Amino acid sequence: MKPITKTEFKAENIKHSYIKGRWAYYKIVIDYIMSCNANSCLEIGPGCTPLFCDSDIFDIRELSDRTVKFLCDCDNTPWDIGDKSYDFLVASHVFEHLSNPVKVFKEAKRVANNIVLVLPYKWRSRSKHSSKHWHIDENKIYEWTGLEPSLIKYVKVKDNKKTLQSIICFYEI
């Protein structure tokens, strides 16, 4: 798998100040997945910057300018994907927007051997981007997943002149 580089990330996000600071946790996730010698990855909601140039994606729109394959809306389960088809499934700042994160995580466990969730952690802002972020902590994540992560990382990110914290949860299924 070929990960996105910092230069590519910056080029893709030059106009998107909301996600400029996200390289801090993208790098952690990329390094972890690469250290596991993964061969396949399904990314949920990567927007304009999938972590890997050759991953499959679920997103709300097709990214026709990328070499990724668009599959479908992840809220529509079950997915037309075989059991354990992917080494990794990554969802970065996605689960807080899903209509049923419990159902989606259950489906993620079926199709992937490992799952990485990146979530806003205890955000308190009342901006238009954070209405679903206010109460996400370890308890809420456990409520959605029913599992304790095998590894947790906390990352502070400068995002639109504010410093916000994200939590990265790594699951070995």
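Here are some notes:
- Annotation: the residues VAL102, VAL116, sorted from fewest to most other C-beta atoms within 10 Å of their own C-beta, follow the order VAL102, VAL116.
- Listed peptides 135-146, 90-101, 32-43 by packing density, highest first (mean Cβ within 10 Å): 90-101, 32-43, 135-146
- Per-residue 3J(HN,Hα) values for the range 110-115, derived from phi via the Karplus relation 6.51 cos²θ - 1.76 cosθ + 1.60 with θ = phi - 60°, read 5, 9, 10, 7, 9, 10 Hz in sequence order (x marks Gly and Pro).
- Given LYS27/LYS153; LYS122/LYS162; LYS103/LYS153; LYS2/LYS158; LYS84/LYS153; LYS122/LYS161, the pairs whose alpha carbons are separated by over 19 Å: LYS103/LYS153; LYS2/LYS158; LYS84/LYS153
A short reminder: the numbers here are calculations on the coordinates, not readings from a lab. Note that the coordinates shown come from a computational prediction; the quantities given were computed from them, not determined experimentally. Glycine also receives a Cβ, built like all others from the backbone with ideal geometry; neighbour counts cover every protein chain displayed.
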